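Student: I have a structure here, written as structure tokens, and I will follow up with some questions on it.
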Amino acid sequence: MPSEIILRVPFFSDLANLAMALRREVFVVEQNVPDSEEYDIHDPTADHYVVVCEGCVVATTRVLRYEEESRLSRFAVRRSLRGSGVGGRLCDFVMKDLAAQGRTKVFLHAQVDKIGFYAKYGFKPYGEEYLECDILHRNMRNWEPA
């Protein structure tokens, strides 16, 4: 198995540029999300995470920070590696990194067919299903509200 490394990277970096290219490949090309919806004003201030394998970014996500919670978003895995476990290793790394920072409340907008994936990492769906970029989504979070 090739070696991989998982990192939190600054937005203005070569690795983040490669992450943006992967997001384009997954969301814009594969899922027909418009560029204007994929890239937004949150990218420069988000924490970006990448999985690098043999010099290539093969998975990425970003985390938006709010006062009490964090939002996991733009989770993308290269098509040829889906089902290999790389996405799970990325999710596990991000959740541990956030916990180490004291950021234990995390939510996300999951594509409905990915709910089972996020459930493995402690996320539970809530609310109704809705369309986001013409893709069916449902909100998920890893805590129970008071």
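Student: So Y121 clears everything in (1) in contact with a helix residue (DSSP H, G or I) (Cβ under 7 Å, 6 or more places away or on another chain); (2) closer than 19 Å to V28 by Cα; (3) not charged (D, E, K, R) except one condition, right? Which one?
Tutor: Only one criterion in (1) in contact with a helix residue (DSSP H, G or I) (Cβ under 7 Å, 6 or more places away or on another chain); (2) closer than 19 Å to V28 by Cα; (3) not charged (D, E, K, R) is unmet by Y121, namely (2).
Student: Checking the structure you have, find out if any residue of the stretch 100-110 is surrounded by 12 or more Cβ atoms within 10 Å (Cβ to Cβ), under 28 Å from S3 (Cα atoms) and in contact with a Lys or Arg (Cβ under 8 Å, 6 or more places away or on another chain).
Tutor: No, that holds for no residue.
Student: Give the residues of the stretch 129-146 that are open to solvent by 50 Å² or more (accessible area, probe 1.4 Å) and under 15 Å from V33 (Cα atoms), sorted by residue number.
Tutor: L131, E132, D134, L136
Student: Looking for something β-branched (V, I, T), in a helix (DSSP H, G or I), at pLDDT 95 or above and farther than 22 Å from Y49 by Cα - is there at least one such residue anywhere in the stretch 96-117? Steps first, answer last, please.
Tutor: First, pick out the residues of the stretch 96-117 that are β-branched (V, I, T): 104, 106, 112, 115.
So of that shortlist, the ones also in a helix (DSSP H, G or I) come out as 112, 115.
Adding the requirement that they be at pLDDT 95 or above leaves 112, 115.
Now drop any that are not farther than 22 Å from Y49 by Cα, which leaves 112.
Checking the stretch 96-117: at least one residue is β-branched (V, I, T), in a helix (DSSP H, G or I), at pLDDT 95 or above and farther than 22 Å from Y49 by Cα.
Student: Could you list, in sequence order, the residues of the stretch 9-20 that are surrounded by 13 or more Cβ atoms within 10 Å (Cβ to Cβ), within 16 Å of the chain's Cα centre (by Cα) and either part of a loop (DSSP other than H, G, I, E, B) or in contact (Cβ under 8 Å) with a residue 24 or more places away in the chain (or both)?
Tutor: V9, F11, L15, A16, L18, A19
Student: List pairs: first in the stretch 47-73 and polar (S, T, N, Q), second surrounded by fewer than 19 Cβ atoms within 10 Å (Cβ to Cβ), Cβ under 6 Å, 6+ apart or cross-chain?
Tutor: What qualifies is S70/R103.
Student: Is it the case, given these coordinates, that R65 is under 26 Å from G102 (Cβ atoms), within 15 Å of the chain's Cα centre (by Cα) and open to solvent by 50 Å² or more (accessible area, probe 1.4 Å)? Outline the logic, then answer.
Tutor: Working: under 26 Å from G102 (Cβ atoms): yes; within 15 Å of the chain's Cα centre (by Cα): yes; open to solvent by 50 Å² or more (accessible area, probe 1.4 Å): yes.
Spelling it out, R65 is indeed under 26 Å from G102 (Cβ atoms), within 15 Å of the chain's Cα centre (by Cα) and open to solvent by 50 Å² or more (accessible area, probe 1.4 Å).
Student: To continue, here is another question. Residues to consider are A76, A110; find the one that is of a type in the set (G, A, S), in contact (Cβ under 8 Å) with a residue 40 or more places away in the chain and under 21 Å from L131 (Cα atoms).
Tutor: Details: A110 fails: in contact (Cβ under 8 Å) with a residue 40 or more places away in the chain.
Of the residues listed, the single one that is of a type in the set (G, A, S), in contact (Cβ under 8 Å) with a residue 40 or more places away in the chain and under 21 Å from L131 (Cα atoms) is A76.
Student: So, one more: Could you identify the single residue in V51, V28, V57 that is touching an Asp or Glu at 6+ places or on another chain (Cβ under 8 Å) and in a strand (DSSP E or B)? Before the answer, list the steps.
Tutor: Details: V28 fails: in a strand (DSSP E or B); V57 fails: touching an Asp or Glu at 6+ places or on another chain (Cβ under 8 Å).
The conditions single out V51.
The values are calculated or read from the model by the stated rules, or taken from the named source; none is laboratory data. The shown structure was predicted, so the numbers you read here are calculated from the model rather than taken from an experiment. Reconstructed Cβ throughout: ideal geometry from the backbone, glycine too, with neighbour counts over all protein chains shown. Just so you know, the surface numbers come from the protein's heavy atoms only, side chains and all, with ligands and any DNA or RNA stripped out. Shrake-Rupley method; radii C 1.70, N 1.55, O 1.52, S 1.80 Å.
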